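Q: The structure under discussion is supplied below as structure tokens; questions concerning it will follow.
The values are calculated or read from the model by the stated rules, or taken from the named source; none is laboratory data. Computed from a predicted structure; not experimentally measured. Methodologically, a virtual Cβ is constructed for each residue, glycine included, from the backbone with ideal geometry; neighbour enumeration extends over all protein chains shown. For accessibility, only protein heavy atoms count, side chains too; no ligands or nucleic acids. Shrake-Rupley method; radii C 1.70, N 1.55, O 1.52, S 1.80 Å.
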Amino acid sequence: MQFAIFGDLHSHKQNTVRVLQHIQEVAPNAALFALGDLYECKIGKRKAEHARNLPLKEAAIVKKSFQELLTFPSVIGNQEERIALVTGSEHFLHYEEKFYIDHAMLIHGHQFEWDEQFEPTFPEFHTPLVFFGHSHRAAIYIDGVRTAVSYNTPLFVGNQQYIINVGSVVETLDWCLYDSEAMTVTFMRAEM
Ligand SMILES: [Mn+2]
């Protein structure tokens, strides 16, 4: 089965449209999954410590034309959590924390430890593959070591553990094609 995995949309409609079009061209039968941070919260971390019961319009970039694009399941991101916190709206908490698909776990990644260079330390995972986002930096981690990403070239993952940051839609129009029969992962990038 084919999966198209992408995250960190941050309410960017145009880039989301481009990525969805690219997926349609390259892998029209792929199942779509998002990794959270669908929306952009307009309230910064510090202000969010005290801000409560804000109107949604003030707290987040939420446009109907963008929301109509969101026809795929997504795990929760820190943006959704913060929007829920500052608005008090439960709506943004209805996303699951993790999804499990063939041999893989999907998670936003803000749950990991992140250092000052914005590099993650991973907990122990129980699936061969993990797909995450959060830092907006596409990367492959093998035995905890970050290795270079090449685009458009299927990477055979076999049964080895690969921890994969798919990058972001908002900045670089990234997505990943995962084929769970061939056991390949292909980093993709739509054109601006
Ligand atoms: Mn994030």
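Q: Consider the range 156-185. How many of its residues are touching a strand residue (DSSP E or B) at 6+ places or on another chain (Cβ under 6 Å), among the hydroxyl-bearing types (Ser, Thr, Tyr) and either free of Cβ contacts under 8 Å to residues at least 12 places away in the same chain or open to solvent by 10 Å² or more (accessible area, probe 1.4 Å) (or both)?
A: Selection size over the range 156-185: 2.
Q: Next question, about the same structure. Can you pull out the residues in the range 68-84 that are in contact with a Phe, Trp or Tyr (Cβ under 9 Å, 6 or more places away or on another chain) and open to solvent by 50 Å² or more (accessible area, probe 1.4 Å)?
A: Pro73, Glu81
Residues are listed down the side, and each one gets a yes or a no for (1) β-branched (Val, Ile, Thr); (2) open to solvent by less than 80 Å² (accessible area, probe 1.4 Å):
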residue: Gln117; (1), (2): no, no
residue: His126; (1), (2): no, no
residue: Val130; (1), (2): yes, yes
residue: Arg137; (1), (2): no, no
residue: Ile140; (1), (2): yes, yes
residue: Val145; (1), (2): yes, no
residue: Ser150; (1), (2): no, yes
residue: Pro154; (1), (2): no, no
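Q: Here's something else I'd like to know. Step by step: first the residues of the range 106-115, then only those that are of a type outside the set (Phe, Trp, Tyr) and within 15 Å of the ligand (Cβ to nearest atom), then the one that is most open to solvent (accessible area, probe 1.4 Å). Which residue is that?
A: Going residue by residue through the range 106-115, those that are of a type outside the set (Phe, Trp, Tyr) are 106-111, 113, 115.
The next check asks that each one be within 15 Å of the ligand (Cβ to nearest atom); those that pass are 106-111, 113.
Numbers: Leu106: 0, Ile107: 6, His108: 0, Gly109: 0, His110: 40, Gln111: 66, Glu113: 133 Å².
Residue satisfying both the conditions and the ranking: Glu113.
Q: Oh, and also: Residues to consider are Gly7, Gly44, Gly36; find the one that is exposed (fewer than 15 other Cβ atoms within 10 Å of the Cβ) and within 16 Å of the ligand (Cβ to nearest atom). Walk me through it before giving the result.
A: Details: Gly7 fails: exposed (fewer than 15 other Cβ atoms within 10 Å of the Cβ); Gly36 fails: exposed (fewer than 15 other Cβ atoms within 10 Å of the Cβ).
Unique residue meeting the criteria: Gly44.
Residue by residue, here is whether (1) among the charged types (D, E, K, R); (2) in contact with an Asp or Glu (Cβ under 7 Å, 6 or more places away or on another chain) holds:
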position: Lys98; (1), (2): yes, no
position: Phe118; (1), (2): no, no
position: Glu124; (1), (2): yes, no
position: Thr127; (1), (2): no, no
position: Gly133; (1), (2): no, yes
position: Asn152; (1), (2): no, no
position: Met192; (1), (2): no, no
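Q: Just the residues that are surrounded by 13 or more Cβ atoms within 10 Å (Cβ to Cβ) and away from the ligand (no atom under 14 Å from the Cβ), please, taken from the range 92-105. Spell out how you get there, then give the answer.
A: Filtering the range 92-105 down to residues surrounded by 13 or more Cβ atoms within 10 Å (Cβ to Cβ) leaves 92, 95-96, 98-99, 101-105.
Selection gives Glu96, Lys98, Phe99, Ile101, Asp102, His103, Ala104, Met105.
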